[in-house]
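Novice: Structure in structure tokens, see below.
Just so it is clear, none of the values below were taken in a lab; they were calculated from the coordinates. Only a predicted model underlies this, so the values are computations on that prediction, with no experimental measurement involved. Cβ atoms come from the backbone with ideal geometry, glycine included; neighbour counts cover every protein chain shown.
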Amino acid sequence: MSKSEVIQIKLTKDEKKYIQEIARKNKMNMSEFLLYGAMKIISESEFYNNNQQLFFPNNK
């Protein structure tokens with residue numbers, strides 16, 4: 001799959017350095033690491049939203 005879209009974020013030098021270090025430890029580049037993190041949050045959010053009745057059965 002060819003990727004052509006770009007998202008830019010602003011962060012401090014320390015934040016960037018920290019993200020780079022953690023990404024490297026996980027054998028990813030920054031783009032892969034940030035995309036993985038975003039997709040994980042989306043997946044967890046979708047699971048929660050689709051299964052709210054399991055977590056809060058008395059909530060209407």
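Novice: For P(r) over Cα pairs in 10 Å bins from 0, in percent, several values are listed as (i) 18, 35, 25, 16, 6; (ii) 22, 40, 24, 11, 3, 0; (iii) 20, 43, 25, 11, 2; flag the one computed from this structure.
Specialist: Answer by label: (i).
Novice: Right, next: May I ask for the angle, rounded to the nearest 10°, between helix 13-25 and the longest principal axis of the chain, with both axes built from Cα atoms and the value confined to 0 to 90°?
Specialist: Relative to the chain, helix 13-25 is tipped by roughly 80 degrees.
Novice: Hey, another quick one. Using per-residue counts of other Cβ atoms within 10 Å, averaged over each peptide, order 22-31, 40-49 from highest down.
Specialist: Values: 22-31: 12.1, 40-49: 9.9.
Ranking, from highest mean packing down: 22-31, 40-49.
Novice: Could you give the length gained by full extension between M1 and E44, i.e. 0.36 nm per residue of separation minus their alpha carbon distance, to one decimal place?
Specialist: Working: separation 43, 0.36 × 43 = 15.48 nm, distance 2.41 nm.
The span from M1 to E44 would gain 13.1 nm if fully extended.
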